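Encoded as structure tokens, the structure appears first; notes follow it.
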């Protein structure tokens with residue numbers, strides 16, 4: 001079976017509903033073979049959306065080593081956490097060098113957390129100027145923004161600029177605490193942005209709950225929302241293959257299942273949105 005594809009908003013690109021996240025084995029050092037095997041296996045299994053970030057250890061370099069002649073087979077995304085123009089442009093130069101490519105399909109303003117971040121990014125000589133310049137020069141095709149913490153901050157970002165994509169948490173803890181799904185997603189969709197889901201498994205926290213026997217309902221929860229793709233990091237090929245099985249066979253989640261997941265995670269919701277393994 002093939003993995004379903006969805007439009008990535010106004011970009012017009014079609015991406016698989018499962019993307020390979022830049023966490024897991026990709027956010028390490030010294031695991032070139034394992035990372036290369038994972039990246040190439042993901043392509044072989046039909047995934048076409050690939051994620052990383054300047055902040056993710058050797059993730060970008062792993063892609064540079066692994067892709068070789070396969071670069072044109074995928075939609076490649078990275079991120080910069082720099083808040084100023086000079087820093088962001090420096091990040092982009094390093095990213096392109098590491099990944100051995102002349103362009104990114106998507107470059108994202110990474111993890112905007114505070115109103116102070118917003119003022120710096122959007123101010124004179126702020127990072128946004130670098131993103132616009134890079135797009136004009138053909139170094140990146142599309143511009144996105146990502147947020148993990150405060151929906152109000154991310155809403156302010158997408159009100160100020162016409163981003164192409166938005167990367168936000170999409171999981172059953174989300175509706176109970178500072179909800180990006182309720183407070184940001186509707187505006188993003190109204191503006192035609194492609195919405196990308198992350199923290200689908202809450203960085204692995206749900207595996208620690210004794211009554212959770214499968215991760216599949218969490219994947220189905222994410223896909224019930226109007227996202228283009230869910231990016232999931234993997235530690236092993238077995239995890240990758242499991243996620244591909246979920247993607248190929250996913251069925252719409254029922255209202256009863258949905259409510260059960262939200263209720264189960266409600267007591268942990270605040271902790272989960274900031275959980276780091």
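The values are calculated or read from the model by the stated rules, or taken from the named source; none is laboratory data. Quantities reported herein were computed from a predicted structural model and do not represent experimental measurements. No Cβ is skipped: glycine too gets one built from the backbone with ideal geometry, and neighbour counts run over all protein chains shown.
For the stretch 39-59, a residue qualifies if it is out of contact with any strand residue (DSSP E or B) (no Cβ under 6 Å at 6 or more places or on another chain) and assigned to a helix (DSSP H, G or I), and the qualifying residues are 39, 40, 41, 43, 44.
Take the stretch 136-154 and flag every residue that is in contact (Cβ under 8 Å) with a residue 24 or more places away in the chain, surrounded by fewer than 17 Cβ atoms within 10 Å (Cβ to Cβ) and either at positive phi or outside any loop (DSSP other than H, G, I, E, B) (or both). Selection gives 138, 152.
Keeping to the stretch 33-47, report how many residues are crowded, with 21+ Cβ neighbours inside 10 Å and closer than 24 Å to residue 249 by Cα. Please lay out each step first, then the result.
So the first thing to find is which residues in the stretch 33-47 are crowded, with 21+ Cβ neighbours inside 10 Å, and the list is 35, 38-39, 42, 47.
Subset that is closer than 24 Å to residue 249 by Cα: 38-39, 42, 47.
Residues meeting the conditions: 4.
When residues in the stretch 77-101 are screened for being out of contact with any helix residue (DSSP H, G or I) (no Cβ under 7 Å at 6 or more places or on another chain) and assigned to a strand (DSSP E or B), 2 of them pass.
Can you pull out every residue in the stretch 221-264 that is free of Cβ contacts under 8 Å to residues at least 60 places away in the same chain and within 24 Å of residue 25 (Cα to Cα)? Of everything in the stretch 221-264, those that are free of Cβ contacts under 8 Å to residues at least 60 places away in the same chain and within 24 Å of residue 25 (Cα to Cα) turn out to be 222, 238, 242, 245. Scan (1) assigned to a helix (DSSP H, G or I); (2) over 25 Å from residue 145 (Cα atoms); (3) modelled with pLDDT under 95 for the single condition residue 221 breaks and write down its number. For residue 221, the exception is condition (2).
Could you tell me which residue of the stretch 183-197 is surrounded by the fewest Cβ atoms within 10 Å (Cβ to Cβ), considering only residues that are assigned to a strand (DSSP E or B) and in contact (Cβ under 8 Å) with a residue 40 or more places away in the chain?
Start the filter on the stretch 183-197 by keeping residues that are assigned to a strand (DSSP E or B), which leaves 194-197.
Add one more test, that the residue is in contact (Cβ under 8 Å) with a residue 40 or more places away in the chain, and what stays is 194-196.
On the way: 194: 27, 195: 24, 196: 26.
Only one residue fits best here, namely 195.
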